[in-house]
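Participant: Shown below is the structure under consideration.
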Amino acid sequence: MVQLVGSLRKELADSLSTCKVLVVGAGGIGCELLKNLVLTGFKNIEVIDLDTIDVSNLNRQFLFQKKHVGKSKAQVAKESALHFCPSANITAYHDSIMNPEYNVEFFRKFMLVMNALDNRAARNHVNRMCLAADIPLIESGTAGYLGQVTVIKKGMTECYECQPKPAQKTFPGCTIRNTPSEPIHCIVWAKYLFNQLFGEEDADQEVSPDTADPEASWNPEETAARATASEKDGDVKRVSTKEWARSTGYDPIKLFNKLFKDDIMYLLTMDKLWKKRKAPIPLDWQQQEKSACPQEETQASGLKDQQVLGVWGYCQLFQNSVQTLRLQLQEKGEGAELVWDKDDLPAMDFVTAAANLRMHIFSMNMKSRFDVKSMAGNIIPAIATTNAVIAGLIVLEGLKILSGELESCRTIFLNKCPNLRKKLLVPCILDPPCANCYVCASKPEVTVKLNVQKTTVLSLQDKILKERFGMVAPDVQIEDGKGTILISSEEGETEANNNKFLADFGIRNGSRLQADDFLQDYTLLVNVLHIEELERDVEFEVVGEAPDKAPPPQSNQEEVNSITNGNKDSAQPSTSSKAPSEDDDIMIVDSDEEEGASSSSTAATSGTKRKHPDSETGETSTKRPRMDQSSGAAAADNDSDDIITLD
């Protein structure tokens, strides 16, 4: 007769009390998961999270209270979870899982790792660490009412990076700077503007009119005189935005007239841009002040954040936010920089005001602070119940693994509406590893198209190896028979190479580079395919079986136009202080699991599948039609340059 301890077999209950598990993330899913683990009988738990508690977390992250705001999520989650089971042994780390301290040996001490993360970079990293340590990983994610859970085991299942992820949506610089046509373009511009004025300047985030716009074939020498600058301010020179702002003492009225009058009049001189578009209408501070009503009413009633102000209301909000941000800079001292955070009131006020003023100039309907925050912060509203369901499924999959029943593990999708068989939860058989995966294949290899005479070593390191392929601290050597070291992770060893071009080191079409990340215990062979010209604003392309080979995302007009539950902006490089995010796939499958057949073989017969927009990028999933997918949506509330779910 089977002995039970509660609802579990005695052997399994004993295993829970002795095994050590790692929870990565203590947010919406993480809080529910910690509670579930201690109540199920897990006794040895380690939890890591870099975040601190914000007021906006309190509506769903139930282990936190108002008194905890500003404290470490991991530490407070530990203390709260111990109230459920004081005998549990919980270790909390207020740190990033990508810290080199958490190496392969650190991961090997766990029997199971459970992700409750909010961005692709961290997910990629944990995926690689678990592969290197050969430890089972349970990946999860939620996006509003949608969620999914999947199990990853080296050599048995697809890894997190086996399947293509939708490419992050980007906007051409000339659209942002010259011809915005959607509110999101203006919001991206306003976030760029914040950085140019108060934060770390980035040449890729310029906000002044783009005279190199290929659509504007005009002669600036002949037409520049038509752009009238403010008489009081003198001629507006094309200098650094921050440098100009400092020279004015961050005078909000002078900034206003430069950004919303002088720059717009400069744009109007690019005649060709406005032949088929409605031309922008410049704003002048003095005129707005004269025409403003004493008590300008809002265009909508209700909560303050959901009201849409009039033009003068946003002028005043712009003035007040600039003055507040100027004081913050002064308090930090000479050379200080501010970091944009959607939860920082002055920063959010600035972006709301600047974006709405630009929307008005380009004849768009203005947005409430709530809408701007949702788009600027890349937020898909979180549902506490979804987190609870997904956390429960994580524990159930964990029990299967600890029972030695890995073959019975499934990818499980939580749908918003019942499928044809009236089920919200749809289990799918796990797929085997992808033979051409550039992470878990026996010899990971990719081919990258680039111009070796224009691509610098620093771009190779930061944009290709770190950003594109998720490495943390790459070392690169050229396979030239000499073992030439191109990039070293040791500080100072190869910094002199950073601004040199790849061609300077003899790299040409057909060259091979070996990139090693010793922290991730990961080696990637990069084949260089030299190409003279790529598309505009494209520095490189990945070919082969890497993610870029995925078919282009499909979209429908209804999806494109709707921004009520998230938004379509995954373009702007996030300037929040938290880690970026990323893009994971949620695919809705109107089918129940069919035993005895792989998901790919049953795809055509077992039911109807429909693609769901990616929870982080807002793009439709680019995976091939199949029943089970690599793990799901993002979770949490921050920074990255793509759409990120709150949990």
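Participant: Between LYS278 and SER7, what length in nm is gained on full extension when 0.36 nm per residue of separation is reduced by their alpha carbon distance?
Facilitator: Separation in residues times 0.36 nm, less the Cα-Cα distance, equals 90.8 nm.
Participant: Scan around PHE518 for amide H atoms under 5 Å from its own, H built in the peptide plane at 1.01 Å from N, and keep only partners 5 or more places away or cross-chain.
Facilitator: The answer is ASP475.
Participant: Using the structure shown, select from LYS43/LYS400; LYS73/LYS342; LYS258/LYS304; LYS373/LYS463; LYS304/LYS367; LYS466/LYS500 the pairs with a Cα to Cα distance greater than 20 angstrom.
Facilitator: From LYS43/LYS400; LYS73/LYS342; LYS258/LYS304; LYS373/LYS463; LYS304/LYS367; LYS466/LYS500, over 20 Å: LYS258/LYS304; LYS373/LYS463.
Participant: Continuing with this model, one more query. So for segment 1-106, considering every pair of alpha-carbon atoms, how many percent are separated by more than 22 Å? Working shown, then result.
Facilitator: Working: 1921 of 5565 pairs.
The share of Cα pairs beyond 22 Å in segment 1-106 comes to 35 percent.
Participant: How large, in percent, is the carbon and sulfur part of the accessible surface of segment 27-129 at a probe radius of 1.4 Å?
Facilitator: Carbon plus sulfur share of accessible area: 51 percent.
Participant: How large is the accessible surface of ASP344 in square angstrom, using a 1.4 angstrom probe and rounding to the nearest 10?
Facilitator: 50
Participant: How much length would be gained if the chain were fully extended between PHE62 and SER96, taking 0.36 nm per residue of separation minus their Cα-Cα distance, in nm to one decimal?
Facilitator: Once the chain is fully extended between PHE62 and SER96, it gains 10.0 nm.
Participant: Using only Cα atoms, figure out Rg for segment 247-350 and give it as a multiple of 2.2 N^0.38 Å.
Facilitator: 1.28
Participant: Between ARG508 and GLN323, what is the label-point separation in nm under the 7 Å Cα-to-beta-carbon projection?
Facilitator: Taking the two extended label points, one gets 6.4 nm.
Participant: Using only C-alpha atoms and all pairs of different ones, pull out the Kirkwood radius for segment 331-372 in Å with one decimal.
Facilitator: 11.7
Participant: Place the peptides 485-491, 147-153, 349-355, 91-97 in order of packing, highest mean first, counting for every residue the other Cβ atoms within 10 Å and averaging per peptide.
Facilitator: Final packing ranking: 147-153, 349-355, 91-97, 485-491.
Participant: Hey, what's segment 406-467 come to in accessible area per residue, 1.4 Å probe, Å²?
Facilitator: 49
Participant: For segment 79-126, what is Rg from Cα atoms divided by 2.2 N^0.38 Å, rounded to two decimals?
Facilitator: Normalised by 2.2 N^0.38 Å, the Cα Rg of segment 79-126 equals 1.35.
Participant: Moving to a separate point now. Note the full-extension length gain between SER408 and GLU445 as 0.36 nm times their separation in residues minus their Cα-Cα distance, in nm to one decimal. Don't skip to the answer; put the middle values down first.
Facilitator: On the way: separation 37, 0.36 × 37 = 13.32 nm, distance 3.15 nm.
Taking 0.36 nm per residue and subtracting the Cα distance, the gain is 10.2 nm.
Participant: Probe of 1.4 angstrom, ligands and nucleic acids ignored: what's the accessible area per residue over segment 20-112, in square angstrom?
Facilitator: 41
Participant: If you don't mind, there's one more thing I want to ask. Let me see the pair-distance distribution of segment 428-542: every alpha carbon pair, 5 Å bin width, integer percents in order.
Facilitator: Answer for segment 428-542: a P(r) of 2, 11, 21, 25, 19, 11, 5, 3, 2, 1, 0 percent.
Participant: Over the Cα atoms, compute the radius of gyration (one decimal) and Dmax (the largest Cα-Cα distance, rounded to a whole number) for segment 351-492, in Å.
Facilitator: Cα-based Rg and Dmax for segment 351-492 come out at 24.0, 63 Å.
Participant: Please report, as a whole percent, how much of the solvent-accessible surface of segment 430-546 comes from carbon and sulfur atoms (probe radius 1.4 Å).
Facilitator: Looking at segment 430-546 in its full context, I get 45 percent from C and S.
Participant: Taking only the alpha carbons of segment 89-161, what extent do you get along each of the three principal axes, in Å, biggest first?
Facilitator: Taking the Cα atoms of segment 89-161, the three principal extents are 35, 31, 26 Å.
The values are calculated or read from the model by the stated rules, or taken from the named source; none is laboratory data. These numbers come from a predicted model, not from an experiment. Note: ideal-geometry Cβ built from the backbone for every residue, glycine included; neighbour counts use all protein chains shown. Calculation scope for accessible area: heavy atoms of the full protein, side chains included, ligands and nucleic acids excluded. Shrake-Rupley method; radii C 1.70, N 1.55, O 1.52, S 1.80 Å.
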